[in-house]
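S.K.: Quick one: the structure is below, and I'll ask about it shortly.
Rule-based calculations on the coordinates, nothing more; no lab input. Just so it is clear, the model here is predicted, and its values are computed rather than measured. Here the Cβ is made from the backbone with ideal geometry for all residues, glycine too, and neighbour counts use every protein chain on show.
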Amino acid sequence: METRAPYIIVGAFVVAAIAAVFGFVYWLNNAGGIGKRDSYQLVFNGPVPGLLVGAGVLFNGIRVGEVTSLQLVTDRPHDVHATIAVAADTPVRADTKVSLEFQGLTGVPVVSLEGGDSPDAPRVTGPLVAEKGAGQSMTQAARDALRRVDTVLTENAAPLHDAIGNIGTFAEALARNSSRLDGIVAGLERMTGSATPPRKVIYDLAAADGFANPRRPLPAGLAIAEPTATTRLQTQRFLFAGGEEGEGDFDNAQWSDSLPALIQAKMLQSFENYDIAHAPVRADLGNEGGLRLLIDLRQFEISGATEPRASIALSVKLVDAGQLKAARIFQQSAPLDGLTPAKAAAAFNRAFDALARDIVSWTASSL
């Protein structure tokens, strides 16, 4: 029996195949990457390392085509001409900027087009000239920069050598005067208030006590005024003879009160320890016309350079109803076991103890 071919099916298959071929060709020419293209001539005024035919062309970062040819210029050896083909709707205008970009870790070069600022710029009618140095990679730029730095260093080798020598001399001078610099910096910090002030160490005088018997009683109504003193002596600092300033720990040491107020308080306590039943009062409590012990502070300082001593001198007057009854200058000193605030305070305590005993005994015997 004879087999009959399905002619209708075969014919339909052939027609479908032909339509598919035409559709594929249409897709390639419109949406498949080989649609209508415009070609532009680019001029690079320098080398284009690594740029190859077929390299991508980006417009504002979007791939729009590729490089179709690269040519050297015979009469201008420094220039390179490149031809690119990009999609027809790419807005390449006269103000479009041309450069090379190096992408990825390997630095593959691509042509980069950047749209200009003016939307009314005319379409390109001639070649586009790339920016100067557009083909320079980061590596080449680094080499050129290092080359320029090397040139500068070579041309200025002698002055640089002298400058380095001067820096060494200056550093030696700083090392020799480091202690002075520390003092200057500390002074600046104190002046600007940026330094944390060190904690002051407070020292006090001890009143005289343990008087021997028999004791002559003190007159009733005795008042002790705050000692008068020069401005220099109206301080809480440890003072040195000759106007010298204490260094080291003396900067952070002070008495518990100003020297006149401190001596008045300790003299009152000394008189109380002698005869509490007839203890004197402060003269500032209102007994202007009564019996008064007037004190003038003459000396309260560390004297002597080789053998320092704590020296105290007081001028004392007994006045009754405005009449001078007795007057005497009292002086005492005690050696310092070492030039430190603690040992100086101990020496002042010994000197004041002896001086206060003399004043109390003299006052009791004078009246």
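S.K.: What does the C-alpha gyration tensor say about the overall shape of the range 37-131? Classify as rounded when a/c is under 1.5, otherwise prolate if a/b is larger than b/c, or oblate.
M.R.: Cα axes put the range 37-131 in the oblate bin.
S.K.: For every helix of n ≥ 4 consecutive DSSP H residues, a contribution of -39,500 (n - 2.57) applies; sum these over the chain, divide by its total residues, and give [θ] at 222 nm rounded to the nearest 500 deg cm²/dmol.
M.R.: It comes out at -11000 deg cm²/dmol, rounded to the nearest 500.
S.K.: For Arg76 and Leu146 in the same chain, what is the full-extension length gain: residue separation times 0.36 nm, less their Cα-Cα distance, in nm?
M.R.: Taking 0.36 nm per residue and subtracting the Cα distance, the gain is 22.4 nm.
S.K.: Which net charge results for the neighbourhood of Ala121, defined as the other residues with beta-carbon distances under 15 angstrom from its beta-carbon, given Lys and Arg at +1 and Asp and Glu at -1?
M.R.: That works out to -1.
S.K.: When the Karplus curve 6.51 cos²θ - 1.76 cosθ + 1.60 is applied with θ = phi - 60°, which whole-Hz ³J(HN,Hα) does each residue of the range 81-90 get, with x for Gly and Pro?
M.R.: So the J values, rounded to whole Hz, are 9, 10, 10, 10, 10, 10, 4, 4, 8, 6.
S.K.: Same structure again: Quick one: work out Rg over Rh on the C-alpha atoms of the chain, Rh as Kirkwood radius.
M.R.: 1.64
S.K.: Amide H neighbours of Tyr203 under 5 Å, at least 5 residues apart or on other chains, H built in the peptide plane: list them.
M.R.: Those lying under 5 Å, H to H, from Tyr203 are Gln254, Trp255, Ser256.
S.K.: Let me ask another. For the residues Trp362, Trp255, what sequence is obtained by ranking on other C-beta atoms within 10 Å, fewest first?
M.R.: Trp362, Trp255
S.K.: Take the Cβ-Cβ distance between His161 and Thr306 as r, set R0 to 51 Å, and report the resulting FRET efficiency rounded to the nearest 0.05.
M.R.: For His161 and Thr306, the calculated efficiency is 0.50.
S.K.: Under 12 Å from the Cα of Lys97, which aspartates and glutamates turn up, not counting those fewer than eight places away in the same chain?
M.R.: Leaving aside aspartates and glutamates fewer than 8 places away in the same chain, those within reach of Lys97 are Glu114, Asp117, Glu131.
S.K.: Which whole-Hz couplings ³J(HN,Hα) result when phi for each residue of the range 314-330 is put into the Karplus expression 6.51 cos²θ - 1.76 cosθ + 1.60, θ = phi - 60°, listed in order with x for Gly and Pro?
M.R.: So the Karplus estimates, Gly and Pro as x, are 10, 9, 10, 10, 9, 10, 10, 6, x, 9, 6, 9, 6, 8, 6, 9, 10 Hz.
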